[in-house]
């Protein structure tokens, strides 16, 4: 009996030891599982990178993609391709490309990105003309953007853009690529943009803005009269609203100008 009992105990103890070992192995596997997953991901990325490098070992630029499609001239696009196609995508200076493009007055901002393995993407924001500007009564007309950049110079103007007259402000030369830094210019543009989005624009049309050397802004309405708005024209829009009944009256044709620089509206009649 003792031998049978010892054999039974031995067998029971053996199975128990195996069970405990398996339990320990299971726990150990669960503990190391996150590390195994991490190693698998790293290995996968490594071989994926090796595969990409084998596809294009030198990572050279094979394509330049520009948005919007018509943002650059054909000649400028050809120059870019000549300078950068076949070059290492890792070694090019993205900031330099952007600055070179922004030397063009029509380009306000250029954003250059790498798209691996072989494409350069260029997003361009172009300047938009907002007005003609004239610096002297006999001078040329400049087509100017909202940030003051002269985009073109012409001998005549048309009705496609409003006219800004800035006589006697010191500057007289208009050249493509220069910026207007005349006092009151930024305020005049802000006024135009605010007026275009205001209900007043449905009733009245501004045909001309004038700037003096102190930066005071005045505007001429279609059919007159002139409105004097001072150095902060956007702030005077509520006062302009008060003047609407005057503009709608029969006396409008007899008014030389309306001064809106203060809360009290001042009307100057012709010949007085």
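The values are calculated or read from the model by the stated rules, or taken from the named source; none is laboratory data. Everything quoted here is computed from the prediction, not taken from an experiment. Reconstructed Cβ throughout: ideal geometry from the backbone, glycine too, with neighbour counts over all protein chains shown.
Selection of region 226-272 for residues being surrounded by fewer than 18 Cβ atoms within 10 Å (Cβ to Cβ), under 35 Å from the mean Cα position of the chain (by Cα) and over 21 Å from residue 163 (Cβ atoms) yields 232, 235, 238, 241.
Taken over region 68-101, the residue count meeting the criterion of being exposed (fewer than 15 other Cβ atoms within 10 Å of the Cβ) and either over 22 Å from the mean Cα position of the chain (by Cα) or in a loop (DSSP other than H, G, I, E, B) (or both) is 18. Within region 180-208, residues that are free of Cβ contacts under 8 Å to residues at least 24 places away in the same chain have Cβ atoms under 6 Å from residues that are surrounded by fewer than 18 Cβ atoms within 10 Å (Cβ to Cβ) in these pairs: 205/222, counting only partners at least 6 apart in sequence or on another chain.
A quick yes/no check of all residues on (1) more than 30 Å from residue 218 (Cα to Cα); (2) over 27 Å from the mean Cα position of the chain (by Cα); (3) not assigned by TED's automatic domain parsing to the domain that holds residue 69:
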{"site": "105", "(1), (2), (3)": "no, no, no"}
{"site": "114", "(1), (2), (3)": "yes, no, no"}
{"site": "122", "(1), (2), (3)": "yes, no, no"}
{"site": "133", "(1), (2), (3)": "no, no, yes"}
{"site": "137", "(1), (2), (3)": "no, yes, yes"}
{"site": "151", "(1), (2), (3)": "no, no, yes"}
{"site": "167", "(1), (2), (3)": "no, yes, yes"}
{"site": "173", "(1), (2), (3)": "no, yes, yes"}
{"site": "177", "(1), (2), (3)": "no, no, yes"}
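Looking across region 120-161, the residues that are in contact with a strand residue (DSSP E or B) (Cβ under 6 Å, 6 or more places away or on another chain) and more than 20 Å from residue 106 (Cβ to Cβ) come down to 120, 134. Among the residues of region 173-214, those that are farther than 26 Å from residue 241 by Cβ, surrounded by fewer than 17 Cβ atoms within 10 Å (Cβ to Cβ) and touching a strand residue (DSSP E or B) at 6+ places or on another chain (Cβ under 8 Å) comprise 175, 176, 177, 178, 179.
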